[in-house]
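Before any comments, here is the structure.
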Amino acid sequence: MSVTTLPTGLTAGTWTLDPSHTEASFTVRHAGISKVRGTVAVTSGAITVVEDLTLSAVTATLDPTTINTNDAGRDGHLKSADFFDVETFGEWTFTSTAVRPDGEDYVVTGDLTIHGVTQSVDLAVEFGGAATDPFGNQRAGFSATTTISRKDFGITWNAALEAGGVLVSDKVVISLEVSAIKQA
């Protein structure tokens, strides 16, 4: 691979994800007519930035017990064995396997583990910039999206609709807003 230079403001080193300023959200079509949105907490992670950006790496850990769709009943069902079985699979992880430029943006390919199943996914990543916060921390921001199939992760629960179709679509859109702090 060719050497890919770092975007302006992003410097080589380890950047730790700031869980209080990082969010993972998901969107899934419900009853074929609307979308349900939810969030799950990103509890830890790191971005190791290397001068040759293609050699950089990303890791993240998420806590599915924090799923929030603003409906306690639905959240409980999502945490149950019908969906994520958080009693058995209490952690989701992402570990990058490749980083490549895509125009002015990037694609981060990696292994996503949900429900005890690992699948390779491509995250479309946009670098949001870098700044020093009022506390002297160097921060970098990123936005990322990917679309997964629930079935690919062994999550197959559904209900047939009287008019045809199913209650919950297979396709899930995952979006990430990440703030990372440069480590000394």
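Which percent of the accessible area of the chain is formed by carbon and sulfur heavy atoms (probe 1.4 angstrom)? The partial results should precede the final answer.
Details: 5130 of 9690 Å².
Carbon and sulfur atoms account for 53 percent of the accessible area of the chain.
With 0.36 nm allotted per residue and the present C-alpha distance subtracted, the E23-E51 stretch has 7.4 nm of extension available.
One Cα centroid belongs to region 96-125, the other to region 5-61; the line between them spans 10 Å.
The HN-Hα couplings worked out from phi for region 131-137 by the Karplus form 6.51 cos²θ - 1.76 cosθ + 1.60 (θ = phi - 60°) are 7, 9, 7, x, 9, x, 7 Hz, whole numbers, x standing for Gly and Pro. Taking every protein chain into account, the 1.4 Å probe leaves R100 with about 110 Å² of accessible area, to the nearest ten.
Shown are K182, K151, whose ranking by accessible area with a 1.4 Å probe and every protein chain present, most to least, is K151, K182. Return the calculated 222 nm mean residue ellipticity for the chain, to the nearest 500 deg cm²/dmol, obtained by summing -39500 (n - 2.57) across DSSP H runs with n ≥ 4 and dividing by the residue count. Value at 222 nm, helices only, nearest 500: -1000 deg cm²/dmol. Cross-link partners for K171 among the lysines, with Cα-Cα distance under 17 Å and sequence neighbours closer than 8 places in the same chain left out: K35, K151.
How many Å² of accessible area per residue for the chain, probe 1.4 Å? Could you put the intermediate results ahead of the total?
On the way: 9690 Å² over 184 residues.
Accessible surface, normalised per residue, equals 53 Å².
Treating r as the C-beta distance of E126 and T39 and R0 as 22 Å, the FRET efficiency rounds to 0.70.
Net charge of the neighbourhood of A144, taken over other residues with C-beta under 9 Å away and scored Lys/Arg +1, Asp/Glu -1, is -2.
Modelled spin labels at H30 and T95, positioned 7 Å past Cα toward Cβ, are 3.5 nm from each other.
The values are calculated or read from the model by the stated rules, or taken from the named source; none is laboratory data. Since the structure is predicted, the reported quantities are computational estimates derived from the model, not experimental observations. Positions of Cβ are generated from backbone atoms using ideal geometry, with glycine treated the same way; all protein chains shown enter the neighbour counts. Remember, those area values only see protein heavy atoms, side chains included, never the ligands or the DNA or RNA. Shrake-Rupley method; radii C 1.70, N 1.55, O 1.52, S 1.80 Å.
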